[in-house]
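These notes concern the structure reproduced below.
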Amino acid sequence: MDDTINIYCYVYAGGKLVQQNDGLWKYIGGRSKGIHVYKGMSYAEFTSRILEKFEISMELAKMHYILKFNPKVIQDLEDAGDLDNVISYSDNFVEVYIVESSCLEGVEENLPTTHVANSELRQQYDAAQRTINDQLTIMQRVMRRLHSRRRSSAHAAGSSPNAFPSSPSFSHAAYHGFPFAEHGTSPLHPTNFATPGPQTSQDIPNMQGVADSAEDVMSLRAVMVPQPHRRSRTHRVRRMAQSLKSPFVPQPHTRQSAIPMDLKEAIAFVFNTDMDPSEELVSLYGTHLTRGNLGCFEGSHWIGNEVMDAYCRFLQHEAIGSTKLFISPYLAEIVVQSKPKKLAKDSILNQYERFLYDMAIPYGQVIEVFLPLLIKNHWTLIVFDLYKLRIQLLDSLGGRKKTHMTGAQNNLAKVVLCLMAHKKGGGEFNLERFSFVMPDVPSQTNEHDCGVFAMKFMEHWSSGGLTKSIDPTQMLKYRLKILGNMLLSQHNAHRTMFQK
């Protein structure tokens, strides 16, 4: 690792370390702040940077860290040698925990409580298991005696001993003499084996001695299950496919909801070729779209730059509280066309900072950056994961996987990372430390749906995977629903045109 490369360090203070049941450690409470560390950094400089962030006394606290290859062991961070181990055996980021000695003692006192609770639960489980086994043993003994008496009655009557299900003697003995519980009946007395109604002694075998004692009968009744209604009918439960978190698993097909009638009428109004194509129908978040612009949602048309920019603005303002940042496709268009040879920080801020939308959250909370890219009439989506230091290229065209970025994509990455470092107010992002991947995503079945795929990727991509499946056979419905979301948005100044 080069000395000039900085590593982001998360510093946690004010809480306590707790060891969970699986042996892993978890930091509870307190707050966290970030600093930059590097290989060869002195211990004094490291502690001074921490004291600049936190108003704490290092005399009453200790610093700890956990190595990724042994997460169940807490290491002490006390000198420059420990600091060198932390940086040397960390890839993307470092985590340091500041814990007061009193908090550590509290954790150690609480650990035995967990083991005591687990042992008590185990004892309760074993006791319940023994009770069930005892009751099953009593039931088997009673059924064996009942079967032997049925066989003796069948031989006395001259019938076949194998006629167990249809034997009259068995039916009377099993369903009248034996104390089965029924729905809506009162509990039977333990010794009451009398059969209701007039019956002869030949029809009913003597049931005395079936159970060893009254306790056996009571134990058996405790596990008897009431007979279910035979006419009841079960129905198959249809469940929707679960959300997919990994893009490397085949996509499940989910049921798509129908398009409401009011949206169909609004779409018909937009696609009406007899009306003025220059009429403005969408005006929200500083963007304006005419009937001609929105015509790209119809049939097999390509999605235009102005529509993609409007949808990026729509997602940015509608996703309140999200940690996503959407960047205008016009930024990518200018960078690709200009082909800059040198990208200085001042020139990047002067030319491209204006393409960043206003956000409801501070830029410091941004984790993922989405940039739609149009090259040679094909839309792709570049996702910058600032936490995992990963650049993902989502391409619905499929084909051979690329292992590195092109020159244009490399310039875009430099511009985006420079803007993010400036907005976050921290250290610079080193592009060489970012990995480049092309995850498996659903593929388009034609030449004109790439823009719709890019829109759906922006909507459902999070933490390296899709939060909702995308069905390539439903692209026409996706087009109309995206159009309807913008037309009927409460922030659209022309929304009243599409309301009854």
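The values are calculated or read from the model by the stated rules, or taken from the named source; none is laboratory data. Please read all numbers here as calculations on a predicted model, not as lab measurements. All Cβ positions, glycine included, derive from the backbone under ideal geometry; neighbour counts span all protein chains shown. Calculation scope for accessible area: heavy atoms of the full protein, side chains included, ligands and nucleic acids excluded. Shrake-Rupley method; radii C 1.70, N 1.55, O 1.52, S 1.80 Å.
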> So is Ile367 touching a strand residue (DSSP E or B) at 6+ places or on another chain (Cβ under 9 Å), modelled with pLDDT of 90 or more and surrounded by fewer than 20 Cβ atoms within 10 Å (Cβ to Cβ) or not?
Replying inline: yes
>> open to solvent by less than 20 Å² (accessible area, probe 1.4 Å) and at pLDDT below 90: which single residue out of Ala344, Ala266, Ala332 fits that description?
In response: Ala266
>> Can you find, within the range 313-329, the residue that is modelled with the lowest pLDDT among those that are farther than 21 Å from Ala421 by Cβ and assigned to a helix (DSSP H, G or I)?
In response: Glu318
>> Conditions first: (1) modelled with pLDDT of 90 or more; (2) in contact with a Leu (Cβ under 7 Å, 6 or more places away or on another chain); (3) farther than 13 Å from Tyr311 by Cα. Met458 passes all but one, so which condition is the exception?
In response: (3)
> Out of the range 383-399, which residues are surrounded by 20 or more Cβ atoms within 10 Å (Cβ to Cβ) and assigned to a strand (DSSP E or B)?
Replying inline: Val383, Phe384, Ile391, Gln392, Leu394
>> I need the full set of residues from the range 427-441 which are open to solvent by less than 50 Å² (accessible area, probe 1.4 Å) and either farther than 22 Å from Lys388 by Cβ or among the small types (Gly, Ala, Ser) (or both), in order please.
In response: Gly427
> Can you spot a residue in the range 401-412 that is touching a residue at least 12 places away in the same chain (Cβ under 8 Å), touching a Leu at 6+ places or on another chain (Cβ under 6 Å) and not in a loop (DSSP other than H, G, I, E, B)?
Replying inline: no
> Of all residues in the range 303-312 being in a helix (DSSP H, G or I) and open to solvent by less than 60 Å² (accessible area, probe 1.4 Å), which is farthest from Gly427 (Cα to Cα)?
Replying inline: Val307
> Among Tyr12, Tyr8, which is the only one that is at pLDDT 85 or above, on the phi < 0 side of the Ramachandran plot and part of a strand (DSSP E or B)?
Replying inline: Tyr12
>> Based on this model, can you work out whether Glu428 counts as under 20 Å from Ala332 (Cβ atoms), among the acidic types (Asp, Glu) and in contact with a strand residue (DSSP E or B) (Cβ under 9 Å, 6 or more places away or on another chain)?
In response: no
> Do you know which of the residues in the range 474-500 that are more than 21 Å from Lys456 (Cβ to Cβ) and part of a helix (DSSP H, G or I) is modelled with the lowest pLDDT?
Replying inline: Phe498
> Out of the residues in the range 458-500 that are of a type in the set (Gly, Ala, Ser) and within 28 Å of Thr380 (Cβ to Cβ), which is surrounded by the fewest Cβ atoms within 10 Å (Cβ to Cβ)?
Replying inline: Ser463
> So how many residues does the range 348-382 have that are assigned to a loop (DSSP other than H, G, I, E, B) and within 20 Å of Met405 (Cα to Cα)?
Replying inline: 2
> What are the residue pairs meeting all of these: first residue in the range 280-296, first residue among the hydroxyl-bearing types (Ser, Thr, Tyr), second residue part of a helix (DSSP H, G or I), Cβ atoms under 6 Å, and 6 or more apart or on different chains?
Replying inline: Tyr285/Arg313; Tyr285/His317; Thr287/Ala310; Thr287/Arg313
>> If Phe326 satisfies all but one of (1) surrounded by 14 or more Cβ atoms within 10 Å (Cβ to Cβ); (2) closer than 23 Å to Leu389 by Cα; (3) more than 24 Å from the chain's Cα centre (by Cα); (4) not hydroxyl-bearing (Ser, Thr, Tyr), what's the number of the condition it fails?
In response: (3)
> In this structure, does Gln444 turn out to be part of a helix (DSSP H, G or I), surrounded by 15 or more Cβ atoms within 10 Å (Cβ to Cβ) and polar (S, T, N, Q)?
Replying inline: no
> Out of Arg145, Arg122, which single residue is in a helix (DSSP H, G or I), among the basic types (Lys, Arg) and either loosely packed, with under 10 Cβ neighbours inside 10 Å or modelled with pLDDT under 85 (or both)?
Replying inline: Arg122
> What are the residues in the range 286-302 that are open to solvent by 30 Å² or more (accessible area, probe 1.4 Å) and over 14 Å from Phe453 (Cα atoms), if any?
Replying inline: Gly286, His288, Thr290, Gly292, Asn293, Glu298, Gly299
